[in-house]
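In what follows, a single structure is set out as structure tokens and then discussed.
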Amino acid sequence: MAETKLQVSNLNKIFSGKTKKDPDVTALRDISLSIGEAEFVVMVGPSGCGKSTLLNIIGGLETATSGSVTIEGREVTGPGADRGMVFQGYSLFPWLTVRKNVEFGLKMQGVDAGTRAKAAQEYLRLVGLEGFENALPNQLSGGMKQRVAIARTLAARPEVLLMDEPFGALDAQTRVVMQELLARVSRETKNTILFITHDIDEAILLANRIYVMSRRPGTVRAVLEVKIEGERNHNILINPEFLKLKKKIMDMLWQESQDAAMDR
Amino acid sequence: MTEESKREKVRISRRHMAYRTMSVISFCAILALWCIATYGGMVNKIFMPSPTQVIQTTVEMARDGSLWMNCWMSVKRVMVGWFWSAVVALPMGMVMARSKAFSAIIQPIIEFARYLPVVALVPLTILYLGIDETQKYVIIWLGTFFQLVLMVCDTVSSVDKNMINAARTLGASRWQVYKEVIFPASLPGLMDDFRLTIGWAWTYLVVAEMVAASNGLGYIILKSQRFLATDVIFSGLITIGIIGLITDFTVKLLTSVIVPWHERLGD
Ligand SMILES: Nc1ncnc2c1ncn2[C@@H]1O[C@H](COP(=O)(O)OP(=O)(O)OP(=O)(O)O)[C@@H](O)[C@H]1O
Ligand SMILES: [Mg+2]
């Protein structure tokens, strides 16, 4: 594996109950993972197992109860431009044009207008949105909004890209288009990516490695390498290697849901 | 422009037309009822003057200049009093929405003050400030400020959290988050808050002009009661109504200029 970019060590997260009667919720238990430079890691797991919580802790939006997160050895203490995030709900700034949205991160970092405009143009081209520079987010479809959000995050030049079910709100066709787009973009930009999804096809299509989480409290249940040669596009959905891996992951998640039913 | 978008535009303008027609109809209905009641001799003229009488009185007051002078005094009081409550409420509400500590200190005081009837504070304002213009401004300030702070706080709190998170992970500092995200995102809601509180300011204007005033629309309405001059009362009420409509329209227009990106349902 290439040089380690993101390291999560023995992370625990307990949400303490609001009142004395409320029980504490252990969302994450002893999570450790490491992601190498330019690696695309996807995390799948049952609903409520703490995936978003983990991503938010890495992003600095939430604090861990114990354990540490480091980016190239630097400990994470709060949100920062070195960890770009893309959310399911796009969260674009509706008062800014597409171009201004994409320039936002650089503007916050004090980059001059000329450089910003050039960067915006470059990243909008990368996600196939030339010609929409002056549109407002409200005028775009869901898929286009998410492209803007991706361009906006990339333009801020993060070291790691954190994506929480970014395509979860899109229809099936648009989702495939976006998956192929992201596969291409990540190869071109050589970004380090941690991506969360419910969709096993999506996970295998995008990932170099897949972390399968257990049900809550979330722990790492398995780590699987995806060794599928060639371009990552919808054609691999019928690749035998793909199907073998899919079956394996489905079995694990099915087992988790059985155990969860037993707990109840 | 495509055929489809042209058709959509026509549809929207038709809908606007329909709204406007309905507004005009409801207005005309009230006017008609008034005409029937007065010209038909169904109510005593002393209690309800006819439209002609009211128009005559209004024209007279406009001729001798008293209408304009009283309008101006009232508008000035409302604007100054409301302006200062907005100037203080805006930053306070914004900080309250984002800082738990500040909110803990301020909120109970404001919640308490909010329920104090402003009328009951009039004697104190007179004792402290006398009966000059400042006292009128303070009454309007008291009437609108506490409500407005809470409204601003509410509006600012309801800014999409994900948007704030997105900004922070794009490298925005706390101050930049305020300036570049929270403020613009709250603007449509803030404009609504402003529009509502300006309306309330007119209520408190009448409170302010009820005691120790010698001019203003509220004053002439109250004075007229003593002389049973219902035509003046009606004229004053209608004037306040018209000024209210104009203010409302202006703020709405301003809103569509300031936040053109914001689309409201039903508009
Ligand atoms: N602020 C909070 N306070 C208390 N409990 C929380 C809080 N946030 C999340 N939780 C709990 O922590 C657990 C993990 O939540 P999280 O949102 O991380 O799950 P997830 O894996 O992202 O789920 P999904 O797949 O549905 O998005 C859940 O049981 C949730 O109820
Ligand atoms: Mg989630």
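Overview of values
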| read-out | value |
| --- | --- |
| Helices (runs of 4 or more DSSP H) enclosed by segment B:1-110 - at least 3 residues per element that are in contact with a Ser or Thr (Cβ under 6 Å, 6 or more places away or on another chain) | B:51-63, B:66-98 |
| Flag for A:ILE14 being out of contact with any Phe, Trp or Tyr (no Cβ under 6 Å at 6 or more places or on another chain), within 12 Å of ligand 1 (Cβ to nearest atom) and not polar (S, T, N, Q) | yes |
| Residue count for segment A:136-153, restricted to those that are surrounded by 24 or more Cβ atoms within 10 Å (Cβ to Cβ) and within 11 Å of chain B (Cβ to nearest Cβ) | 3 |
| Lone unmet requirement of (1) part of a loop (DSSP other than H, G, I, E, B); (2) more than 13 Å from ligand 1 (Cβ to nearest atom) for A:PHE242 | (1) |
| Single match in A:GLY89, A:GLY105, A:GLY78 (criterion: surrounded by 23 or more Cβ atoms within 10 Å (Cβ to Cβ) and either in contact with a strand residue (DSSP E or B) (Cβ under 9 Å, 6 or more places away or on another chain) or within 27 Å of A:ILE35 (Cβ to Cβ) (or both)) | A:GLY105 |
| Segment B:187-212: number of residues that are crowded, with 22+ Cβ neighbours inside 10 Å and either in contact with a Cys (Cβ under 7 Å, 6 or more places away or on another chain) or of a type in the set (Gly, Ala, Ser) (or both) | 2 |
| Flag for A:ASP259 being within 20 Å of the chain's Cα centre (by Cα), within 16 Å of ligand 1 (Cβ to nearest atom) and either under 25 Å from A:ARG125 (Cβ atoms) or away from chain B (no Cβ under 14 Å) (or both) | no |
| Number of the exception - A:LEU170 against (1) part of a loop (DSSP other than H, G, I, E, B); (2) within 13 Å of another protein chain (Cβ to nearest Cβ); (3) surrounded by fewer than 22 Cβ atoms within 10 Å (Cβ to Cβ) | (2) |
| B:VAL251 being at pLDDT 90 or above and in contact with a Lys or Arg (Cβ under 6 Å, 6 or more places away or on another chain) | yes |
| Test: residue in segment A:56-64 that is surrounded by 16 or more Cβ atoms within 10 Å (Cβ to Cβ) and more than 16 Å from ligand 2 (Cβ to nearest atom) | yes |
| Residue within segment A:33-54 that is surrounded by 15 or more Cβ atoms within 10 Å (Cβ to Cβ), within 8 Å of ligand 1 (Cβ to nearest atom) and within 14 Å of chain B (Cβ to nearest Cβ) present | yes |
| Selection within segment B:153-183 - under 16 Å from A:ARG83 (Cβ atoms) and facing chain A (nearest Cβ under 7 Å) | B:ASN162, B:ASN165, B:ALA166, B:ARG168, B:THR169, B:LEU170, B:GLY171, B:ALA172 |
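The values are calculated or read from the model by the stated rules, or taken from the named source; none is laboratory data. Quick caveat, the model's predicted, so the values are computed rather than measured. Here the Cβ is made from the backbone with ideal geometry for all residues, glycine too, and neighbour counts use every protein chain on show.
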